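Written out below as structure tokens is the structure these notes cover.
The values are calculated or read from the model by the stated rules, or taken from the named source; none is laboratory data. Model, not experiment: these values are computed from the prediction. FYI the Cβ positions are ideal-geometry reconstructions off the backbone, even for glycines, and counts take in every protein chain you see.
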Amino acid sequence: MQPKSSERAPKPAHVPEELVRDVDFFEIIHGEEDAQTAWRRLQLEMPPVFWTPRNGGHWMVTRAEDIATVQLDHERFSMRQTVLPPAPSMFPSMIHMDPPDHAPYRRVIMPAFLPRAVAALEEKARVIARDLAARLEPRGECEFIGEFAKVLPIVIFLSMVDLPQQDRERLLEIAEAQVHGRTREQRARAERDMSAYLKSYITARKSKPGDDLISTVVNAEVNGAPIGEDEAYGTCLLLLFGGLDTVASMLGFVAHFLASHPEHRKRLLNEPSIIPKAVEELIRRFGLSNTARLVQSDFDFHGAPFRKGDFVQQPNVLFALDETINKDPLEVDFDRENPRHLTFGSGPHTCPGAVLARREIKVFLEEWLPRIPDFRITPGTKPVILTGMVNAVRELHLSWTPSKAA
């Protein structure tokens, strides 16, 4: 059981009292809000920059322009610490490297996410989605997260890294503890567990490589020399923690929205040509990540006295929910022109798996809706929705009337 709230850190002397707000980003949902609605309310209620004593004590910026600045200004805001509460990782990872240091490691994994490779994975995903929907439809109900969202993208990902499909539940448990963990101890334990799991595979593929992504990483050259052992572990851990969680979380939000918005479902079913555009709008509306940065020097930021060593959270989800970026940001509008978001980050650290994620969401809509067009949240159940470093739907019960043919 995760703790319900974090301890309050003492206020540093340089933080003005008038800029302090008691905000725990793990505990911002009120009532029936979804995660993004809760973040939007926080954006409207809070000042553009404030300091909170929760989760180790950190600054937070809430406006789109400032979020983009913190995201991209690596001279002042370092990637060396991106999670809160802050804690060192066991292994160096490119996600914690500032440009240009991270680029050689990124080049190692990018071929696996290029359009040609993703096209082949899309066809695999389509077969899996079609089979899952066909099995679930006659039942008239499912727990969507465990029976679909945590199956489709993760089966695909495990095929990319050539890890046993029967280990899916074990790996998901470890990944969730790391991605959604509220404490340093939870995340550190998950990192130890995943690195211990990977040890035999990394050793074996170093001596006898295959055509999988782990083999590519552990036998790569970086800056003209073999990749270091610690860097190989760090890269593999990053792939597993991201690949086992991100798309599953997004599918949960998409299904949750469509279950209560029949007019959107019907349009997607009747106008399948709009699905690619709809995918981008759904990704915009249901952003996931809320990363942080490490302040590199002393300076004032819109009147807030940032000091070297401070932590700043720039919730990516809030960029797309700012009305200066997208009009009526909480509305899902499949006709929206140029929906802007930072769901997959921006700049040099844009998520390498963004193209694959879009394809998998598209496949879900194309394969699920024709077979199960009229689904709803099961009466008497309540979706379990989380905020944190990564927003997520933990549990979602759906029901529908099975077809007579089934």
> If you take the residues in the range 223-265 that are assigned to a loop (DSSP other than H, G, I, E, B) and of a type outside the set (S, T, N, Q), which one is surrounded by the fewest Cβ atoms within 10 Å (Cβ to Cβ)?
Replying inline: GLY224
> Could you say which residue among GLU331, GLU366 is acidic (Asp, Glu), more than 19 Å from the chain's Cα centre (by Cα) and part of a helix (DSSP H, G or I)?
Replying inline: GLU366
> Here are some residues: THR378, THR387, THR350. Which one is free of Cβ contacts under 8 Å to residues at least 24 places away in the same chain and of a type in the set (S, T, N, Q)?
Replying inline: THR350
> Does ASP131 count as surrounded by fewer than 19 Cβ atoms within 10 Å (Cβ to Cβ) and at pLDDT below 95?
Replying inline: no
> Consider ILE214 against the criteria (1) at pLDDT below 95; (2) surrounded by 19 or more Cβ atoms within 10 Å (Cβ to Cβ): it satisfies all of them except one. Which criterion is unmet?
Replying inline: (1)
>> For the range 53-68, give me each residue that is touching a strand residue (DSSP E or B) at 6+ places or on another chain (Cβ under 9 Å), in a helix (DSSP H, G or I) and more than 12 Å from HIS302 (Cα to Cα).
In response: ILE67
>> Just to be sure I understand, how many residues within the range 280-316 are hydrophobic (A, V, I, L, M, F, W, C) and either assigned to a loop (DSSP other than H, G, I, E, B) or touching a Leu at 6+ places or on another chain (Cβ under 7 Å) (or both)?
In response: 5
>> Considering only residues that are closer than 29 Å to VAL108 by Cβ and surrounded by fewer than 22 Cβ atoms within 10 Å (Cβ to Cβ), which ones fall in the range 137-153?
In response: VAL151
> From the residues in the range 369-395 that are outside any loop (DSSP other than H, G, I, E, B) and not charged (D, E, K, R), which one is farthest from VAL155 (Cα to Cα)?
Replying inline: ILE377
>> Could you go through the range 75-91 and let me know if any residue there is modelled with pLDDT under 90 and touching an Asp or Glu at 6+ places or on another chain (Cβ under 8 Å).
In response: yes
> Within the range 140-198, which residues are more than 14 Å from THR246 (Cα to Cα), touching a residue at least 40 places away in the same chain (Cβ under 8 Å) and among the charged types (D, E, K, R)?
Replying inline: GLU141, GLU143, ASP162, ARG182, ARG184, ARG187, GLU191, ARG192
>> Could you go through the range 52-67 and let me know if any residue there is surrounded by fewer than 17 Cβ atoms within 10 Å (Cβ to Cβ), touching a residue at least 60 places away in the same chain (Cβ under 8 Å) and in contact with a helix residue (DSSP H, G or I) (Cβ under 7 Å, 6 or more places away or on another chain).
In response: no
> So how many residues does the range 24-46 have that are over 19 Å from LEU288 (Cβ atoms) and either among the hydrophobic types (A, V, I, L, M, F, W, C) or touching a strand residue (DSSP E or B) at 6+ places or on another chain (Cβ under 9 Å) (or both)?
Replying inline: 2
> So how many residues does the range 104-123 have that are outside any loop (DSSP other than H, G, I, E, B) and surrounded by fewer than 15 Cβ atoms within 10 Å (Cβ to Cβ)?
Replying inline: 8
> With respect to GLN186, is the statement that it is in contact with a Phe, Trp or Tyr (Cβ under 8 Å, 6 or more places away or on another chain), modelled with pLDDT under 95 and in a helix (DSSP H, G or I) true?
Replying inline: no
> Within the range 199-211, can you find the residues that are over 26 Å from the mean Cα position of the chain (by Cα) and surrounded by 18 or more Cβ atoms within 10 Å (Cβ to Cβ)?
Replying inline: ARG205
